[in-house]
1. Any chance you could count how many residues in segment 49-69 are part of a helix (DSSP H, G or I) and either touching a Phe, Trp or Tyr at 6+ places or on another chain (Cβ under 7 Å) or open to solvent by less than 50 Å² (accessible area, probe 1.4 Å) (or both)?
2. Pairs only if they're at least six apart or on different chains, beta carbon under 8 angstrom, first in segment 1-17 and open to solvent by less than 60 Å² (accessible area, probe 1.4 Å), second among the aromatic types (Phe, Trp, Tyr); list them, first residue then second.
3. If I ask for residues that are closer than 16 Å to residue 67 by Cβ and of a type in the set (Lys, Arg), which ones from segment 7-38 would you list?
Amino acid sequence: MYTILICDDDKDIVSALDIYLTSEGYQTIKASNGREAIRAAETHEVHLILMDIMMPVMDGLDATRAIRS
């Protein structure tokens, strides 16, 4: 089973993606900002990250750089 991290501060987008992806058989992890995404990537085996760019606390670009390093 593949795990997808959904990182977005818009709860409606996260909910829609979560419903669709779980119905297709994927496991999802949700984060509402870049810092939460980094923590989730460190503590779970994540196969794909869907990352929003503009978020509070830490934006998606900074979070992506931190996860890649």
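1. Qualifying residue count, segment 49-69: 3.
2. Qualifying pairs under 8 Å: 3/26; 4/26.
3. Residues satisfying the conditions are 30, 35.
The values are calculated or read from the model by the stated rules, or taken from the named source; none is laboratory data. Quick caveat: nothing in here was measured; it's all calculated off a predicted structure. Positions of Cβ are backbone-derived with ideal geometry, glycine not excepted, and every protein chain shown enters the neighbour counts. For accessibility, only protein heavy atoms count, side chains too; no ligands or nucleic acids. Shrake-Rupley method; radii C 1.70, N 1.55, O 1.52, S 1.80 Å.
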